[in-house]
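Peer 1: Attaching a single structure in structure tokens format; questions to follow.
The values are calculated or read from the model by the stated rules, or taken from the named source; none is laboratory data. These figures come from a predicted structure and were not determined experimentally. Cβ sites come from the backbone with ideal geometry, for glycine too, and all protein chains shown count toward neighbours.
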Amino acid sequence: MDRTALLGTWRMISWTRTVVATGEVSDAMGADPIGYIAYHADGRMMAFVTNRRRPRPNGKAPNDNEKAALFDTMLAYTAAYTLEGDKVIHHVEAAWNPTWERPLIRPLHIEGDILVISDAHGTDPVTGEDVIYRLEFRKL
């Protein structure tokens, strides 16, 4: 992987998850998520994704149930990253969910202005299921 091709900001096109136990495929953050991933020349990266149809709190501040629903409809983290062949490793330092504060190994390839992260094994932070993620981004 050419590191310079990865540099920049990428807008999410899609994010699916396949449950390892059943093979069931679904949108990881709803249809048409809002998301960005940015890779910088200094070896740092940031990711932010939300479900486009997030629930809105009823008041000025969300109650506990609304906070839980909001937490379950987003993802955000920052990390150092390294490239190893066709994989990027996100060395997560801070995340919306502390269970993601560990190295995340992500196989990837770039096709023109499309970044594809596929066969990325993980644990769904909402359900706890073992899943395989596939993410697609378009370079801005």
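Peer 1: Under 9 Å by Cβ, and 6 or more places apart or on different chains, what pairs join a residue from segment 108-129 that is farther than 21 Å from Leu6 by Cα and in a loop (DSSP other than H, G, I, E, B) with one that is among the aromatic types (Phe, Trp, Tyr) and at pLDDT below 90?
Peer 2: Listed by first residue and then by second, the contacts come to Pro125/Trp100.
Peer 1: Step by step: first the residues of segment 81-121, then only those that are among the small types (Gly, Ala, Ser) and either surrounded by 17 or more Cβ atoms within 10 Å (Cβ to Cβ) or touching a His at 6+ places or on another chain (Cβ under 7 Å) (or both), then the one that is nearest to Gly23 (Cα to Cα). Which residue is that?
Peer 2: It comes out as Ala120.
Peer 1: Give Ile37, Ile13 a once-over and let me know the one that is modelled with pLDDT of 95 or more and within 11 Å of the chain's Cα centre (by Cα).
Peer 2: Going through Ile37, Ile13 in turn, just one is modelled with pLDDT of 95 or more and within 11 Å of the chain's Cα centre (by Cα): Ile37.
Peer 1: A follow-up question, please. Just wondering, is there one or more residues in segment 4-18 that are of a type in the set (Lys, Arg), in contact (Cβ under 8 Å) with a residue 12 or more places away in the chain and more than 19 Å from Asp119 (Cβ to Cβ)?
Peer 2: Yes.
Peer 1: I've got another one for you. Going by the conditions given, is Ala76 modelled with pLDDT of 95 or more, among the aliphatic types (A, V, I, L, M) and surrounded by fewer than 13 Cβ atoms within 10 Å (Cβ to Cβ)?
Peer 2: Against the criterion (modelled with pLDDT of 95 or more, among the aliphatic types (A, V, I, L, M) and surrounded by fewer than 13 Cβ atoms within 10 Å (Cβ to Cβ)), Ala76 does not qualify.
Peer 1: If I ask for residues that are surrounded by fewer than 16 Cβ atoms within 10 Å (Cβ to Cβ), β-branched (Val, Ile, Thr) and in a strand (DSSP E or B), which ones from segment 1-33 would you list?
Peer 2: Answer for segment 1-33, where residues must be surrounded by fewer than 16 Cβ atoms within 10 Å (Cβ to Cβ), β-branched (Val, Ile, Thr) and in a strand (DSSP E or B): Thr9, Ile13, Val19, Val25.
Peer 1: What pairs come out if I take residues in segment 81-103 that are over 13 Å from Phe48 (Cβ atoms) and pair them with residues that are surrounded by 15 or more Cβ atoms within 10 Å (Cβ to Cβ) and among the polar types (S, T, N, Q) whose C-beta lies under 7 Å away, six or more apart or interchain?
Peer 2: Correct list of pairs: Glu93/Thr78.
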